[in-house]
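Here the structure is laid out as structure tokens; the discussion comes afterwards.
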Amino acid sequence: MFESLTEKLQSTFKKLSGQGKLTEKNVSDALREVRFALLEADVGYKIVRQFVDDVKVRSLGQEVLGSLTPELQISKIIGDELTSLMGQKSEKVQVSPSGTTVLMMVGLQGSGKTTASAKLALKFKTEGRNPLLVAADIYRPAAIEQLRILGDQIGIPVFSMGTGVSPVSIAQAAVEHALNHGNTFVILDTAGRLHIDEELMGELENIQCSVNPTETLLVVDSMTGQDAVNVAEHFSKDLNITGVILTKLDGDARGGAALSVRAATGTPIKFVSTGEKIDGHTLEEFYPDRMASRILGQGDFKTLLDRAESIFSEEQAKELEEKLMSKSGLDFNDMLTQFEQIKKMGSLDQLIGMVPGMSKALPKDAQIDESQIKHAKSIIQSMTLGERRNYAILDRSRRQRIAKGSGTRVSQVNQLVSQLKMMNQMFDQQTAHGPQFGLSVGKGPKNKLVRKKRRRRR
């Protein structure tokens, strides 16, 4: 996700390391590279120009923490501006006070609209709602059957009247059915086209007027970059679009759509979707600050904790958070616990991107698979309890013994130790320098004391 953009931004920040302070020259040099990186990411020119101007004003205005290095200063400012560009805060799906919320899903054919509808339905079901999927696409071959199959997979009813009834009549009948059967969320999967035309927009307008949906969500393929923005602009002209769902985000190495949609259309991104699999982790609520953190290569600690809360017990999650907020940091016991729970939290690729520092610790284009996780678990299980708790004691002879006992190479042991060190360094950096990296830290005396301890420890 955003690999290309992240790599270019990190390269820019790295060039500022070793500089004494931010100056007009090094700021201009850095922003030149940032401008190129954003344009290559398929962000609109006007948006890029305004973004760079805003960053420059803040950088030269010294709106930074005096204790931060130039590298971290510019990273913080760019993180703040990325967050602002994408909407500043998360915007939830509106819930109808009448008791039945109607969500109308619109978008071009191939955008992932039907899959996104099923993912939304599963999300609401998990939250204790009673959703109803509605097959209102009577044109695309097998569209109704596809929705039925997905509905069966996740145990959610699908309302259908076949292909001989108009989409407007289907939508009206579905809402009536929901009112009579206690369905609290109605998700209308409408037809798309390969391109925007008058016939498509006219039909969608008629559906919108007939059922007055609580929300009309535009589903766009994030991999299309600036084209996704153009689609959003065209749909917004004729329909009251209240939110956007970005699909196929895991295949988007550039990030142009995510960075441009809100700024170009004023429409908030409400969800992002990854992959075709229908489960609890492939559709996420959109948080601008968390996405900015991912783009900067700083991970997404908050989302990671959210997922952990659904997997770990309350006690385990609290213990993990306390350790990360304290000077002790993570140890190999924590890493082993995470490995054992990792399958329940989503795909490895997703999780790697959320762990602060992990993307830096791994080689470029590294492929993470189950065998690597097994090797890592074997390495940790070959350690003594003392070695798991304190990796500082792992000298050469201990690492050789661990490698022999786990059936791995010393280089693999070294890599795992480096990964844990990097994770703790990044968590330490986050807690020391505030929420721009995805972690909020209180400002009371206790937290100040912790930060002082950290600095002495280094």
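Straightening the chain between residue 14 and residue 322 buys 107.8 nm, computed as 0.36 nm per residue apart minus the Cα-Cα spacing.
Highest mean packing comes first when the peptides 71-77, 228-234, 123-129, 164-170 are listed by Cβ atoms within 10 Å, giving 71-77, 228-234, 164-170, 123-129.
Cα-Cα over 28 Å: which of 125/277; 8/46; 15/377; 123/248; 8/56? Numbers along the way, then the final one.
Working: 125/277 16 Å; 8/46 20 Å; 15/377 36 Å; 123/248 18 Å; 8/56 18 Å.
The answer is 15/377.
With R₀ set to 51 Å, the beta-carbon distance separating residue 395 from residue 148 gives a calculated FRET efficiency near 0.25.
With the simple spin-label model, which puts each label point 7 Å out from Cα in the Cβ direction, the residue 227 to residue 33 separation comes to 3.1 nm. Overall, segment 1-157 carries a charge dipole of about 140 debye about its Cα centre when +1 sits on the Cβ of Lys and Arg and -1 on the Cβ of Asp and Glu, all other atoms neutral.
Each peptide in 130-141, 404-415 gets a packing score, the mean of other Cβ atoms within 10 Å over its residues, and the list from highest to lowest is 130-141, 404-415. For segment 3-85, the residue among 45, 85, 16 whose Cα projects farthest onto the positive side of the dipole built from Cβ charges is 16. Translational diffusion of segment 179-236 was estimated from the Stokes-Einstein equation, with Rh taken as the Kirkwood radius over Cα pairs; at 25 °C and 0.890 mPa s the coefficient is 186 µm²/s. The slack between residue 240 and residue 374, meaning 0.36 nm per residue of separation minus the straight C-alpha distance, is 43.2 nm. Put simply, the C-alpha atoms of segment 86-186 give a gyration tensor, and the ellipsoid matching it has half-axes of 21, 17, 14 Å, longest first. Protection proxy ranking for 2-14, 282-294, using the average of other Cβ atoms within 10 Å per residue and placing the highest first: 282-294, 2-14. May I ask you to give the average projected area over all directions of the convex hull of the Cα atoms of segment 3-85, in nm² rounded to one decimal? Mean shadow area of the hull around the Cα atoms is 4.9 nm².
Since every read-out is calculated from the coordinates, none of them should be taken as a lab result. Computed from a prediction, not measured in an experiment: that's the story for all the values here. Note that each Cβ is placed from the backbone with ideal geometry, even for glycine, and that neighbours are counted across all protein chains shown.
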